[in-house]
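The values are calculated or read from the model by the stated rules, or taken from the named source; none is laboratory data. Just so we're clear, the structure is a prediction, and the values are computed from it rather than from any experiment. We place every Cβ from the backbone using ideal geometry, glycine too, and count neighbours over all the protein chains shown. Keep in mind that these areas ignore ligands, DNA and RNA; they rest on the heavy atoms of the full protein, side chains included. Shrake-Rupley method; radii C 1.70, N 1.55, O 1.52, S 1.80 Å.
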Amino acid sequence: GDEAMRDVAAVADVPPGSGLVVEAGESRVAVFNVGGTFYAISNTCAHMDGSLGEGELEGHIVVCPLHSWEYDVRNGTCVAPVWCNDKKNVLSYTVTIENGGRVVDVD
């Protein structure tokens, strides 16, 4: 929207292969660095509200630390367990990077 850009994290805070939980307005968002490309999805697992930003990142798949549900960080799609369906997907956000390596907006 037209609201001011939000400075949520420094690129250096999210090394390749890792994630970080950030506050973006009212939302808790998990920001991930997959080989230098940044993605952001809702931090809250659709299963039992686990913190996805604290999960292990394997390629572009994050594994929830609570019960090992798996999400594609590129689009928020739940990919495991097998009974995942589109009601178990999480929101995906657009990441904007500027200001000399700041992750400034997830929208």
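Six or more apart or on different chains, Cβ atoms under 9 Å: show the pairs whose first residue is in the range 87-99 and at negative phi and whose second is at pLDDT below 90 and open to solvent by 60 Å² or more (accessible area, probe 1.4 Å).
Close Cβ pairs satisfying both conditions: 93/107; 94/107; 95/107; 96/5; 96/107; 98/5.
Count, please, the residues in the range 59-86 that happen to be outside any strand (DSSP E or B) and in contact with a strand residue (DSSP E or B) (Cβ under 9 Å, 6 or more places away or on another chain).
At the first step, the residues of the range 59-86 found to be outside any strand (DSSP E or B) are 59-60, 64-69, 73-76, 81-86.
Now restrict to residues that are in contact with a strand residue (DSSP E or B) (Cβ under 9 Å, 6 or more places away or on another chain): 59-60, 64-66, 68-69, 73-76, 81, 84-86.
Looking only at that region, the number is 15.
Scan the range 7-17 and give yes if some residue there is surrounded by 18 or more Cβ atoms within 10 Å (Cβ to Cβ) and either under 16 Å from residue 89 (Cα atoms) or in contact with a Gly (Cβ under 9 Å, 6 or more places away or on another chain) (or both), otherwise no.
Step one: filter the range 7-17 for residues surrounded by 18 or more Cβ atoms within 10 Å (Cβ to Cβ), giving 8-9, 14.
From the residues that got through so far, the ones that are either under 16 Å from residue 89 (Cα atoms) or in contact with a Gly (Cβ under 9 Å, 6 or more places away or on another chain) (or both) too are none.
No, the conditions are met nowhere in the range 7-17.
Determine if the range 26-45 includes at least one residue that is acidic (Asp, Glu), over 25 Å from residue 6 (Cα atoms), open to solvent by 60 Å² or more (accessible area, probe 1.4 Å) and free of Cβ contacts under 8 Å to residues at least 60 places away in the same chain. Before the answer, list the steps.
Here is the first cut: in the range 26-45, the ones acidic (Asp, Glu) are 26.
Now narrow it down to the ones that are over 25 Å from residue 6 (Cα atoms): none.
No, because not a single residue in the range 26-45 is acidic (Asp, Glu), over 25 Å from residue 6 (Cα atoms), open to solvent by 60 Å² or more (accessible area, probe 1.4 Å) and free of Cβ contacts under 8 Å to residues at least 60 places away in the same chain.
Could you tell me how many of the residues in the range 47-73 are in contact (Cβ under 8 Å) with a residue 40 or more places away in the chain and either surrounded by fewer than 20 Cβ atoms within 10 Å (Cβ to Cβ) or more than 21 Å from residue 85 (Cβ to Cβ) (or both)?
From the range 47-73, those in contact (Cβ under 8 Å) with a residue 40 or more places away in the chain are 47, 57, 62, 73; that's our starting set.
Within this subset, residues satisfying the condition of being either surrounded by fewer than 20 Cβ atoms within 10 Å (Cβ to Cβ) or more than 21 Å from residue 85 (Cβ to Cβ) (or both) are 47, 57.
Within the range 47-73, residues that are in contact (Cβ under 8 Å) with a residue 40 or more places away in the chain and either surrounded by fewer than 20 Cβ atoms within 10 Å (Cβ to Cβ) or more than 21 Å from residue 85 (Cβ to Cβ) (or both) number 2.
How about the range 18-70: which of its residues are closer than 13 Å to residue 90 by Cα and of a type in the set (S, T, N, Q)?
Result: 27, 42, 43, 44, 51.
Does the range 96-105 contain any residue that is open to solvent by less than 50 Å² (accessible area, probe 1.4 Å), among the β-branched types (Val, Ile, Thr) and closer than 13 Å to residue 41 by Cα? Let's see the steps before the verdict.
Let us first name the residues in the range 96-105 that are open to solvent by less than 50 Å² (accessible area, probe 1.4 Å), namely 96, 101, 103-105.
Checking the rest, the ones that are also among the β-branched types (Val, Ile, Thr) come to 96, 103-104.
Restricting the remaining residues to those that are closer than 13 Å to residue 41 by Cα gives none.
No: the range 96-105 contains no residue that is open to solvent by less than 50 Å² (accessible area, probe 1.4 Å), among the β-branched types (Val, Ile, Thr) and closer than 13 Å to residue 41 by Cα.
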